[in-house]
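Engineer: One structure, as structure tokens, below. Some questions next.
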Amino acid sequence: MSKIRIYELAKELKITSKELIKSLMDEFDVEVKNHMSVIEDEEANLIKELIEERAKAEKDKETNKANEENKSKNIVEEYEEIVSEEINKQVKKSKFKNKRGDKSPRYSEEEGSNMEENSVEDKIIVEIGNNITVKDFAEKIDKPIVEVIKALIFSGVMAAINQEIDFKTAEKAAEKLDITLVLKEEELEKLEEVNIEEDTEAEKRPPIVTVMGHVDHGKTSLLDAIRKAKVTENEAGGITQHIGAYTVEVSGEKITFLDTPGHEAFTAMRSRGAQVTDVVILVVAADDGIMPQTKEAINHCKAANVPMVVAINKMDKPSANLDKVKQELSDHGLVPEEWGGDTICVPVSARSKEGIDTLLEMVLLSSEILELKANSKRKAIGTVIEGQLDKGRGPVATLLVQNGTLNVGDAILVGSTYGRIRAMFDDKGKNIKSAGPSIPVEILGLSEVPSAGDRFHEVKDEKTARNMAQTRKDKDKEKYLQANHRVSLEDLYSQIQEGKIKELGVIVKADMQGSVEAIKQSLEKLSSETVKVRVLHGAVGAITETDISLAAASNALVIGFNVRPDGNAITLAEKEDVDIKTYRIIYDAIEDIRTAMIGMLEPEYKEVVLGKAEIRQIYKVSNLGTIAGCYVTEGKITRSSDVRIIRDGIVIFESKLASLKRFKDDAKEVNTGYECGLSIEKYNDLKEGDIIEAFTMQEIKKDKL
């Protein structure tokens, strides 16, 4: 007997999978897990008939209701006329009473409250922000600029008309002018409150899909197969170095893809991807199975409560093992549907494009159940995917619009930076004027390079954006200063204790803000008890003289990732003997720093026994002390080796050889089976039968921390 899937039946009935699942469970007592569950054709036909009958009955009911409404319309109009006449009568009565001088207790209370309000109004209260120019301050309090400047001078502050003053300074001047100042409520908090309001005008939006998985499991290749474009070849070493955001159209519906790097150094970037995404495509290679970054990606998705669709890639390889991958997925709590679980697994091949259409259909189905909505009519908000400094265009940011519509000319606040959008480009590099929800865009016009993961908000104008950005910067600076200057006795003691700990200073420059963050995090993870890594400075752009000066003053190393030092920087680096390292692959950068750290560690030694000799005769010499006549039983005895005297299995003394002779001649070494004479530094109590063990301390070459 044939069966049908829930989503297929929903398509036939022209309703959503979610509505059908609810109807089946509530009305028909049919147990279904999700849209991929199957039911018998006989049951499906019965359900079809019942739902169609119910729809017809509801249609008839609506028709009857409309007729009844038309009949009752006249009655409603008559009722409204009667009510309005009664209200008019009451109004006339109250007016008549007021003319006659009748005062109710309620009236006298109102009069009293008005008197109180008048007394409050006598005090002038003005609301201002943390910082304000003298000119704006004068306008706010409605006083001539000359009077304001005089008041400031009397308060001990000399300020020009366009100079900025803080709230405390303005408050002192306002007191002299009999004005009370109130600090304006934090605008940033208001901004965030507006963004989380429930929206009644929300409409369906495209899903945002993140492609995750282990390094070299074919994430970017899979995305290429979907986009039918080549991206991998442009990436250094075939590894995705920063987040790419792309929009594709599938069966008339748009899907936004985020391609997150697979290398573990970009954990922070992958975390951000999981925070903005609706559905995750977890790519697992059919020949490798679950790997470290795969586990990491699964944990991110579970923590963010994001649904996953597993794409088992490289199915065209002879070593592909589908059952092994499914077993490993089950071990990590992702039981495939075929095995009775609820995880959608789709076997695919990025090379042959096998299974791509099925994968996309599953993604659309998963997003349909989530009922994704956004309001395109409101002010735009979203997240920064990437930021970089372009020589010709200045600060460039890749933004993902999550709500509202972003237009060219809009003023935006991005983290602690701001700007007005001068130009906007889509994922194909085409110049566009506006972008709605779930659309990634590249914009120009920001004052600085924003950090990847920052939230952006469209604001009223550029002045508002600038003020809010400055407020955020001041707050960040305050936090930084407090963090650096606060110290307790416990901290002080631990710092003294750490006096012996060596420190490796690093200055990081890269082409992308996300790469700076990723390298910083990776280097900090390398810190151990014996060596600490300290990233003194990290920024976007070429390596400059300023970076070299900082490195020279701090005895630090300069790392460039996809950037080069300018001519002046190279000259200064040679003069100051500062080491500059440039890389294109993240692995190399981390490996070189690890090697540098190993070199900074105190060397460790291991003992290597060279040989043993037995004392067979003792000679006492007046000027030289005790000479031992020995026979080398194992290995060799060398002139430069350390020795220990062993008597009855117990070490009696350790020292160095004072002399080593073969007959009357000095010897550098004596091998097994030969006799020799030797004396030991600072020790004469030698006895026949003692064992002389020669050894040396060999330095251990470190290959890991």
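Engineer: Evaluate the stretch 121-142: report whether one residue or more is modelled with pLDDT under 80, in contact with a strand residue (DSSP E or B) (Cβ under 7 Å, 6 or more places away or on another chain) and exposed (fewer than 10 other Cβ atoms within 10 Å of the Cβ).
Structural biologist: Yes, there is a match, as at least one residue in the stretch 121-142 is modelled with pLDDT under 80, in contact with a strand residue (DSSP E or B) (Cβ under 7 Å, 6 or more places away or on another chain) and exposed (fewer than 10 other Cβ atoms within 10 Å of the Cβ).
Engineer: Next up: Test of understanding: among L360, L370, L406, which residue is closer than 28 Å to M308 by Cβ and either surrounded by 18 or more Cβ atoms within 10 Å (Cβ to Cβ) or in contact with a His (Cβ under 9 Å, 6 or more places away or on another chain) (or both)?
Structural biologist: Of the residues listed, the single one that is closer than 28 Å to M308 by Cβ and either surrounded by 18 or more Cβ atoms within 10 Å (Cβ to Cβ) or in contact with a His (Cβ under 9 Å, 6 or more places away or on another chain) (or both) is L360.
Engineer: Okay, next question. Can you pull out every residue in the stretch 24-57 that is of a type in the set (G, A, S) and more than 23 Å from I344 (Cα to Cα)?
Structural biologist: Answer for the stretch 24-57, where residues must be of a type in the set (G, A, S) and more than 23 Å from I344 (Cα to Cα): A55, A57.
Engineer: Could you please find all residues in the stretch 375-394 being crowded, with 22+ Cβ neighbours inside 10 Å and assigned to a strand (DSSP E or B)?
Structural biologist: If the condition is that a residue be crowded, with 22+ Cβ neighbours inside 10 Å and assigned to a strand (DSSP E or B), then I381, G382, V384, I385, E386, G387, Q388 are the ones that fit.
Engineer: Further, regarding this structure: On the basis of being out of contact with any strand residue (DSSP E or B) (no Cβ under 6 Å at 6 or more places or on another chain) and not assigned by TED's automatic domain parsing to the domain that holds T595, does S679 make the cut?
Structural biologist: Judged against the criteria, S679 is not a match.
Engineer: What about E43, is it loosely packed, with under 12 Cβ neighbours inside 10 Å, at pLDDT 75 or above and closer than 27 Å to L365 by Cα?
Structural biologist: When the stated conditions are applied, E43 does not pass them.
Engineer: Does the stretch 620-627 contain at least one residue that is part of a strand (DSSP E or B), at pLDDT 90 or above and not hydroxyl-bearing (S, T, Y)?
Structural biologist: The answer is yes; a qualifying residue exists.
Engineer: Considering only the stretch 350-361, how many residues are in contact with a strand residue (DSSP E or B) (Cβ under 7 Å, 6 or more places away or on another chain) and without any contact (Cβ under 8 Å) to a residue 60 or more places away in the chain?
Structural biologist: 2
Engineer: Sticking with this structure for a sec: Take I593 and tell me if it is surrounded by 15 or more Cβ atoms within 10 Å (Cβ to Cβ), β-branched (V, I, T) and modelled with pLDDT of 85 or more.
Structural biologist: no
Engineer: If we scan the stretch 184-205, do we find a residue that is at pLDDT below 80 and more than 30 Å from L400 (Cβ to Cβ)?
Structural biologist: Yes: one or more hits.
Engineer: So, in the stretch 284-338, how many residues would count as being assigned to a loop (DSSP other than H, G, I, E, B) and polar (S, T, N, Q)?
Structural biologist: Count: 3.
The values are calculated or read from the model by the stated rules, or taken from the named source; none is laboratory data. None of the values given here were measured: they were computed from a predicted structure. Cβ coordinates were reconstructed from backbone atoms using ideal geometry, including for glycine residues, and neighbour counts include every protein chain displayed.
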